[in-house]
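Only one structure is covered here, and it is reproduced in the block below.
The values are calculated or read from the model by the stated rules, or taken from the named source; none is laboratory data. Quantities reported herein were computed from a predicted structural model and do not represent experimental measurements. Quick reminder, even Gly has a Cβ in these numbers, built from the backbone with ideal geometry, and neighbours come from all protein chains shown.
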Amino acid sequence: MSHSKYLTAKDVMTPHVKSVPQSWTMQKFAEFLSQNNISGSPVADEDGKLVGIATLKDIAEFHFQSVNENYEQQMTDEELKESRRLRMMIFEGLAKVPVEVRDILTPIVFSVSEDATVKEVAELMMAEHLHRVFVKSGETLTGIITTYDLLKVIVEEVA
């Protein structure tokens, strides 16, 4: 008999009250993720209010968003060299202007209450193509559920 229909968001979430300030530089944020061995973190504004989530993927996408391969395939070798030289100049310029976490975060749009069922959480994540969803008690963030947390539920049921 399956028990997952009785499990709630609170049962499967990872309690996650630690958030990072949106004013941190991307560099500082990357170091924080690495030190804590995590792939993402909630982000708070100056008043401590949760405004979004930032992840390693956001950092990577920021670094690669200026590269468009289709565009490059139509260029001559000379144009390619010039394009790469320009890109290096742009990146060197960016390195001098610190990029802040607020520049790369994904705003919080989706959250569930602690008493939402695991099925409801999974349906929301599938419908919206989310890899993580925040759990709230009222307006307070109490945890986070990732696709990994849902996989654990399945594995424990089968075991």
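Taking the stretch 142-152 as the range and being surrounded by 17 or more Cβ atoms within 10 Å (Cβ to Cβ) and either small (Gly, Ala, Ser) or within 14 Å of the chain's Cα centre (by Cα) (or both) as the test, the residues that pass are 143, 144, 145, 146. Search the stretch 40-60 for residues being surrounded by fewer than 14 Cβ atoms within 10 Å (Cβ to Cβ) and either touching a helix residue (DSSP H, G or I) at 6+ places or on another chain (Cβ under 8 Å) or in a loop (DSSP other than H, G, I, E, B) (or both), and hand back the single one that is modelled with the highest pLDDT. The selected residue is 46. Among the residues making up the stretch 27-39, those that are surrounded by fewer than 19 Cβ atoms within 10 Å (Cβ to Cβ) and of a type outside the set (Asp, Glu) are 27, 28, 30, 32, 33, 34, 35, 36, 37, 38, 39.
Taking the stretch 99-159 as the region of interest, the strands (runs of 3 or more DSSP E) fully inside it that hold 2 or more residues being closer than 22 Å to residue 24 by Cβ are 132-137, 140-146. May I ask you to verify whether residue 139 is within 25 Å of residue 15 (Cβ to Cβ), free of Cβ contacts under 8 Å to residues at least 24 places away in the same chain and surrounded by 10 or more Cβ atoms within 10 Å (Cβ to Cβ)? No; evaluated as a whole, the condition is false for this residue. Within the set 101, 118, 109, 133, the sole residue that is closer than 30 Å to residue 42 by Cβ and at pLDDT below 80 turns out to be 109. Put simply, of 12, 17, 67 the only residue that is closer than 18 Å to residue 135 by Cβ, over 14 Å from the mean Cα position of the chain (by Cα) and at pLDDT below 85 is 17.
Scanning the stretch 94-135 for residues that are basic (Lys, Arg) and over 17 Å from the mean Cα position of the chain (by Cα) yields 96, 119.
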